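Trainee: What follows is a structure written as structure tokens; I'll ask about it next.
The values are calculated or read from the model by the stated rules, or taken from the named source; none is laboratory data. Everything numeric here is computed off the predicted structure, so don't read it as measured data. Note that we place each Cβ from the backbone using ideal geometry, even for glycine, and neighbour counts take in every protein chain shown.
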Amino acid sequence: METTASLRHALLTDRHRTLTGLYQRTFPMVRRHVQQHGGSAQDAKDVFQDALVIFYEKAVGETLVLSASVSTYLVGVSRNLWRRELARRRQQPLTGLTEEHAERLPELESAETSAALSVLDYVEQLGERCKSVLLAFYYFQQPLEQIARTHDYRSVRSATVQKFKCLERLRAAVRTLFAHDFAR
Amino acid sequence: MRPALKRLQLIERHLLGHPTATEAAAWQVQLFTDPELATDTEAQHLLYQGLQLAGRKQLRQELDLIHAQLAGTARRQRWLQAALHAVRRVLPQALRR
């Protein structure tokens, strides 16, 4: 069984390969379950990808607790997400979730969500390089050594400075949007 | 680093780092002496939330790509198996001629 530390390392060093392996091993089990319980292949894809996002964030954030293999974890989370979705569609109260895999993506408060969504638009408008550096550090949680290497910065210090320059650009762009909130 | 970047770094350490008790106490003093610090901190917190959403969006796009690649591979394998099956059915008849 993979340890959470080895999974984290694999995700940080080769995300595409690691996720492809997990996808290949686990998605057929999730698809079978969802299709046997009233869902479509598209439903299966949606819940499985939600489960993978939860898994990724917990693994790199070092809050993942595995009591079985990662595939078992992903199937468990997907099953619960699908049960939740079915209850939502049928407008029924939710019962019988297994505690262990009752994971959800942390959601923002609705007021925060609309503001964060506006920031998201500005992230998309940053240049490709700035966006890549910021997401690599703040979301994908790659170490600055790796970011410096993959983005051709001469040193970790250069990468650090560049990261803050990009954050400054994002803040300046967002400031025009929320001028009344952030007025200085 | 420029002072403006150092300020971003200071706020980041407060929001994302693990400040010591001494640093936390110093932060309280700074909040008192720097009236703009609270607003700047709130703004930076919002940036991190936006980046979280942007990251999830990118991860979803990467997962869609993986899904499409695996589906394409599976389709090719099914096609190849069907082609081999058809060849096996035809081959003995051809050899008999």
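Trainee: Test each condition in (1) surrounded by 15 or more Cβ atoms within 10 Å (Cβ to Cβ); (2) modelled with pLDDT of 95 or more for A:Leu7 and report the one that comes out false.
Mentor: With (1) surrounded by 15 or more Cβ atoms within 10 Å (Cβ to Cβ); (2) modelled with pLDDT of 95 or more applied to A:Leu7, the lone miss is (2).
Trainee: One residue is enough: does region A:101-110 have a residue meeting the conditions modelled with pLDDT of 70 or more and either surrounded by fewer than 11 Cβ atoms within 10 Å (Cβ to Cβ) or assigned to a helix (DSSP H, G or I) (or both)?
Mentor: No: region A:101-110 contains no residue that is modelled with pLDDT of 70 or more and either surrounded by fewer than 11 Cβ atoms within 10 Å (Cβ to Cβ) or assigned to a helix (DSSP H, G or I) (or both).
Trainee: Of the residues A:Thr63, A:Thr26, A:Thr18, which single one is within 29 Å of B:Gly17 (Cβ to Cβ) and at pLDDT 95 or above?
Mentor: A:Thr18
Trainee: So, of the residues in region A:151-177 that are within 12 Å of chain B (Cβ to nearest Cβ) and aliphatic (A, V, I, L, M), which turns out to be surrounded by the fewest Cβ atoms within 10 Å (Cβ to Cβ)?
Mentor: Filtering first and then ranking leaves A:Ala172.
Trainee: A:Arg79 passes all but one of (1) within 14 Å of another protein chain (Cβ to nearest Cβ); (2) buried (at least 19 other Cβ atoms within 10 Å of the Cβ); (3) not aliphatic (A, V, I, L, M); which number fails?
Mentor: Looking at each condition in turn, A:Arg79 falls short on (1).
Trainee: Something else now. Hey, could you check region A:122-150 for residues that are away from every other protein chain (no Cβ under 12 Å) and farther than 30 Å from A:Ala5 by Cβ and say which is modelled with the lowest pLDDT? Give the derivation first.
Mentor: Within region A:122-150, the subset away from every other protein chain (no Cβ under 12 Å) is A:127, A:129, A:143-150.
Subsequent filtering for residues that are farther than 30 Å from A:Ala5 by Cβ retains A:127, A:129.
Numbers: A:Gly127: 89, A:Arg129: 94.
Looking at the filtered set, the residue picked out is A:Gly127.
Trainee: Please work out which residue is farthest from the other protein chains (Cβ to nearest Cβ), limiting yourself to region B:30-42 and to residues that are farther than 13 Å from B:His14 by Cα and in a helix (DSSP H, G or I). First the steps, then the outcome.
Mentor: Start the filter on region B:30-42 by keeping residues that are farther than 13 Å from B:His14 by Cα, which leaves B:32-36, B:39.
Those left that are additionally in a helix (DSSP H, G or I): B:32-33, B:39.
Values: B:Phe32: 18, B:Thr33: 16, B:Thr39: 6 Å.
Filtering region B:30-42 for residues that are farther than 13 Å from B:His14 by Cα and in a helix (DSSP H, G or I), the one farthest from the other protein chains (Cβ to nearest Cβ) comes out as B:Phe32.
Trainee: Would you mind stating whether A:Val119 is facing chain B (nearest Cβ under 7 Å), touching a helix residue (DSSP H, G or I) at 6+ places or on another chain (Cβ under 7 Å) and in a helix (DSSP H, G or I)?
Mentor: Considered against the rule, which asks whether it is facing chain B (nearest Cβ under 7 Å), touching a helix residue (DSSP H, G or I) at 6+ places or on another chain (Cβ under 7 Å) and in a helix (DSSP H, G or I), A:Val119 comes out as yes.
Trainee: Something else: Of all the residues that make up region B:6-29, how many are part of a helix (DSSP H, G or I), of a type in the set (S, T, N, Q) and either crowded, with 18+ Cβ neighbours inside 10 Å or more than 28 Å from the chain's Cα centre (by Cα) (or both)?
Mentor: Result for region B:6-29: 2.
Trainee: Same structure again: Report the residue count in region A:59-79 for those that are among the hydrophobic types (A, V, I, L, M, F, W, C) and without any contact (Cβ under 8 Å) to a residue 12 or more places away in the chain. Before you say what the answer is, go through the steps one by one.
Mentor: To start, the set of residues in region A:59-79 that are among the hydrophobic types (A, V, I, L, M, F, W, C) comprises A:59-60, A:64-66, A:68, A:70, A:74-75, A:77.
With the extra rule that they be without any contact (Cβ under 8 Å) to a residue 12 or more places away in the chain, the set shrinks to none.
Result for region A:59-79: 0.
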